[in-house]
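Take a look at the structure below.
The values are calculated or read from the model by the stated rules, or taken from the named source; none is laboratory data. None of these values were measured; they are calculated from a predicted model. Neighbour counts are summed over all protein chains in view; Cβ atoms, including those assigned to glycine, are modelled from backbone coordinates with ideal geometry.
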Amino acid sequence: MYTLPKLEYEYGALGSYISGDIMQLHHSKHHQTYVDKLNKALDDAPALKERPLESLLADVDSLPSEVQSAIRNNGGGHYNHSLFWKWMSPDGGGEPSGAVATAITEKYGSYQAFVDEFTATSLGVFGSGWVWLQPDYSIITTPNQDNPVMKGMQAPLLGLDVWEHAYYLDYKNKRDDYIKAWWNVVNWNFVESRSD
């Protein structure tokens with residue numbers, strides 16, 4: 001049985017950037033629903049319970065048709081959000097250091113150029129989805145709760161949830177304000193730990 005991961009900080013810890021209200025709703029309601037529905041889908045296909053989630057997502061197109069959509073949507077939602085909480089920190093923001101900083105500068109010319117491209121890509125997502133920084137430092141998007149693992153790619157270094165439920169309470173329909181605020185809480189230490 002999958003469970004809702006505990007946050008490493010309080011709901012209100014991200015301050016004015018991501019409010020306690022949106023964090024509580026996003027974590028305790030939206031993410032909890034993905035967990036509950038994923039567990040229900042696996043109850044209907046008990047043979048799949050032995051496999052790690054990332055393995056199921058990597059093979060999602062080959063799963064039994066009666067649970068495939070539920071595992072794609074809810075397994076993807078659980079996987080994506082479990083990482084998303086770690087990609088934010090009350091001590092976040094600023095710029096990365098070490099190998100991540102070097103790789104970003106080599107690929108984009110500067111940290112600011114990277115931020116500009118990632119932001120523009122995030123604003124370009126139609127409807128609901130995610131924006132990802134991949135281990136090769138490319139920026140890609142996926143719709144809904146899909147992720148790079150489902151496409152046969154490596155797990156991402158960084159991801160941003162651009163579903164409206166991630167920001168609507170704080171920013172209404174202003175996704176650009178949400179993204180601008182989010183850069184202030186990005187946990188570069190966690191990104192760096194995934195780049196090793």
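Do we find that Ala103 is free of Cβ contacts under 8 Å to residues at least 12 places away in the same chain and more than 18 Å from Ile22 (Cα to Cα) in this structure? Criteria not met by Ala103. Hey, can you tell me all the residues within the stretch 1-46 that are at pLDDT 95 or above, farther than 12 Å from Gly75 by Cα and among the small types (Gly, Ala, Ser)? Once the filter is applied, which keeps residues that are at pLDDT 95 or above, farther than 12 Å from Gly75 by Cα and among the small types (Gly, Ala, Ser), the stretch 1-46 yields Gly12, Ala13, Ser19, Gly20, Ser28, Ala45.
Could you count how many residues in the stretch 163-196 are aliphatic (A, V, I, L, M) and over 16 Å from Asp116 (Cα atoms)? Show your work before the answer.
Start the filter on the stretch 163-196 by keeping residues that are aliphatic (A, V, I, L, M), which leaves 166, 169, 179, 181, 185-186, 191.
Those left that are additionally over 16 Å from Asp116 (Cα atoms): 166, 169, 185, 191.
Residues that pass the stated criteria total 4.
Scanning the stretch 34-55 for residues that are under 16 Å from the mean Cα position of the chain (by Cα) and not hydrophobic (A, V, I, L, M, F, W, C) returns Tyr34, Glu54.
Quick one: which helices (runs of 4 or more DSSP H) lie wholly within the stretch 6-81 and hold at least 1 residues that are surrounded by 13 or more Cβ atoms within 10 Å (Cβ to Cβ) and of a type in the set (Ser, Thr, Tyr)? If you could, list the steps in order and put the result at the bottom.
Values: elements: 20-24, 32-43, 53-58, 65-70.
Fully inside the stretch 6-81 and qualifying: 32-43.
If you go through the stretch 173-195 one residue at a time, do you hit one that is at positive phi and either assigned to a helix (DSSP H, G or I) or out of contact with any Cys (no Cβ under 8 Å at 6 or more places or on another chain) (or both)? No, the stretch 173-195 contains no residue that is at positive phi and either assigned to a helix (DSSP H, G or I) or out of contact with any Cys (no Cβ under 8 Å at 6 or more places or on another chain) (or both).
Rundown of residues vs (1) surrounded by 17 or more Cβ atoms within 10 Å (Cβ to Cβ); (2) over 23 Å from His27 (Cα atoms), yes/no style:
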{"position": "Ala101", "(1), (2)": "no, yes"}
{"position": "Ser122", "(1), (2)": "yes, no"}
{"position": "Asp136", "(1), (2)": "no, yes"}
{"position": "Ile139", "(1), (2)": "yes, yes"}
{"position": "Gly159", "(1), (2)": "yes, no"}
{"position": "His165", "(1), (2)": "no, no"}
{"position": "Asn173", "(1), (2)": "no, no"}
{"position": "Asp177", "(1), (2)": "no, no"}
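If Trp130 passes every condition in (1) out of contact with any His (no Cβ under 9 Å at 6 or more places or on another chain); (2) surrounded by 15 or more Cβ atoms within 10 Å (Cβ to Cβ); (3) in a helix (DSSP H, G or I) but one, which one does it miss? Against the list (1) out of contact with any His (no Cβ under 9 Å at 6 or more places or on another chain); (2) surrounded by 15 or more Cβ atoms within 10 Å (Cβ to Cβ); (3) in a helix (DSSP H, G or I), Trp130 comes up short only on (3). Checking Ser69 against (1) under 20 Å from Gln32 (Cβ atoms); (2) assigned by TED's automatic domain parsing to the domain that holds Gly152, only one condition comes out false. Which one? So Ser69 meets the others, but not (2).
A quick yes/no check of all residues on (1) among the basic types (Lys, Arg); (2) closer than 25 Å to Leu57 by Cα; (3) touching a strand residue (DSSP E or B) at 6+ places or on another chain (Cβ under 8 Å):
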{"residue": "Tyr111", "(1), (2), (3)": "no, no, no"}
{"residue": "Ala120", "(1), (2), (3)": "no, no, no"}
{"residue": "Val125", "(1), (2), (3)": "no, yes, yes"}
{"residue": "Pro135", "(1), (2), (3)": "no, yes, no"}
{"residue": "Asn144", "(1), (2), (3)": "no, yes, yes"}
{"residue": "Gln154", "(1), (2), (3)": "no, yes, no"}
